[in-house]
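Nothing in this text is a laboratory measurement; each read-out follows from the coordinates by a stated rule. Predicted model only: the values in this text are computed from it and were never measured. No Cβ is skipped: glycine too gets one built from the backbone with ideal geometry, and neighbour counts run over all protein chains shown.
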Amino acid sequence: MNRAQIKAYLDLTKPRIVSMALVTLAMGFWAASGPTTSWPALFFALLGAGLVASGASTLNHYIERDADARMERTRARPIPSGRIKPAHALTFGVYLILAGLAVSLWLVNLLTAFLLLLSAFLYVLVYTPMKRITVLNTPLGAIPGAIPPLAGWTAASDDLGVGGLLLFLILFVWQHPHFFAISWMYRDDYRRAGFRMLSGADATGATTSAWILITATILIPVSLLPSVLGVTSLAYTAGALIVGTALVLVCIPMWREHTHANAVRVLKASIYYLPLLFVCMIVDAFV
């Protein structure tokens, strides 16, 4: 296998999306274990989750190969561009998921392996086909997207716990302004592919922009729930309030002017939000 083929298989796994999932898993692991974090345990948790997420992403490529060929931003992906045969991608994705589940079962715990399997199932077999059926695909897709921090929590504690469920809720809400911004940026592509997005029937962008601002605003009280319920303390509260308010402030121009540039700013701000919230948790653990 040459370098170009290796890169093509790597592209199938959607490395940037998987990296974000692993960051949130590490957030959950840290929140459950704190300064006493077992680095080997965290490594195996990340390895198992990374393999499963990579496999799910690959199967998403396989299922959406025809739609990807119709979208400008995705037609160069490995399958529609002809760099990888569909059958090879299918096999690769299944093996990645099986490998990740094996690592999680043997080296982490059963509960975490189940959550990773559930996430892959919902992403590949529920969210992916629902993109063609209903605009509710975004909240449906937010469920598997919110599982990694919960899986991180269970990897450290072997228990769901209030903290893990709160992290799940935070990630569930966060994904809405994040993906609504993406859907507005690529609304024409999604329409060509036959995907049912909120932005697809929103000629002016007013509805999509309103939901971006609404869900970003909801994220502030939701992100403060760990402190309200005693999972975190003052340092996290202050940090979460600051980064949440900053995200809302970035969303306001999008609400006023529904431009591509403003959507890009919302997307970037939402990406920065998660690692900053993670830093707040780390600081809180040492204060």
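Listed from fewest to most Cβ neighbours within 10 Å, the set His258, His61 follows the order His258, His61. Among Ala156, Phe179, Ala206, pick out the residue whose Cα is farthest towards the positive end of the charge dipole of segment 147-209, where Lys and Arg carry +1 and Asp and Glu carry -1 on C-beta, about the Cα centre. Sorting the options by dipole projection puts first Ala206. Rounded, prolate or oblate for segment 160-287? Axes are the square roots of the Cα gyration tensor eigenvalues, ordered a ≥ b ≥ c, and the cut-off for rounded is a/c under 1.5. Prolate shape, in that a/c is at least 1.5 and a/b is the bigger ratio.
If you place +1 on the Cβ of every Lys and Arg and -1 on the Cβ of every Asp and Glu, how big does the dipole about the Cα centre of the chain come out, in debye to the nearest 20?
So the dipole magnitude of the chain works out to roughly 1000 debye.
Sequentially through segment 38-50, phi angles give Karplus couplings (6.51, -1.76, 1.60; θ = phi - 60°) of 8, 5, x, 5, 5, 4, 5, 5, 5, 5, x, 5, x Hz, Gly and Pro residues having no value and appearing as x. Between amide H atoms placed 1.01 Å from N, distances below 5 Å from Arg196 occur with Arg132, Ile133, Thr134, all of them 5 or more places distant or on a separate chain. Taken one residue at a time, the phi angles of segment 166-178 give Karplus couplings (6.51, -1.76, 1.60, θ = phi - 60°) of 5, 5, 4, 5, 4, 5, 4, 5, 4, 5, 5, x, 4 Hz. Gly and Pro are set to x. Would you look at the GNM of the chain, springs on alpha carbons closer than 10 Å, and say which of Trp255, Trp174, Trp106 moves the most? Among Trp255, Trp174, Trp106, the largest mean-square fluctuation in the Gaussian network model of the chain belongs to Trp106.
Across Val248, Val231, Val124, mean-square fluctuation computed from a Gaussian network of the chain (C-alpha pairs under 10 Å connected) peaks at Val231. Working note: Karplus 6.51/-1.76/1.60 with θ = phi - 60° gives segment 195-205 the couplings 7, 8, 10, 4, 6, x, 9, 10, 4, 8, x Hz, where Gly and Pro are set to x. Projecting the Cα atoms of Gly50, Ala69, Thr91 onto the dipole axis of segment 39-150, where Lys and Arg carry +1 and Asp and Glu carry -1 at the beta carbon, places Ala69 farthest toward the positive end.
Highest GNM mean-square fluctuation among Leu118, Leu12, Leu229, for the chain modelled with Cα contacts below 10 Å: Leu229.
Computed about its Cα centre, the charge dipole of segment 160-287 is approximately 240 debye, with only Lys, Arg, Asp and Glu carrying charge at their Cβ.
Go ahead and collect, in residue order, the members of segment 84-105 whose backbone nitrogen is under 20 Å from a label point 7 Å along the Cα-Cβ direction of Ile6. Counting only backbone N, you get 84-85, 89, 92-93, 96.
Bridgeable lysines around Lys268 (alpha carbons under 22 Å apart, same-chain partners fewer than 8 residues away excluded): Lys14.
What's the longest bit of the chain with no exposed trypsin sites (Lys or Arg not before Pro), using DSSP loop states and at most 14 other Cβ atoms within 10 Å as the test? In short, 133-287. Annotation: the residues Ser227, Ser119, Ser38, sorted from fewest to most other C-beta atoms within 10 Å of their own C-beta, follow the order Ser38, Ser227, Ser119. The residues neighbouring Ser199, those whose beta-carbon lies less than 14 Å from its own, together hold a net charge of +2 under the Lys/Arg +1, Asp/Glu -1 convention.
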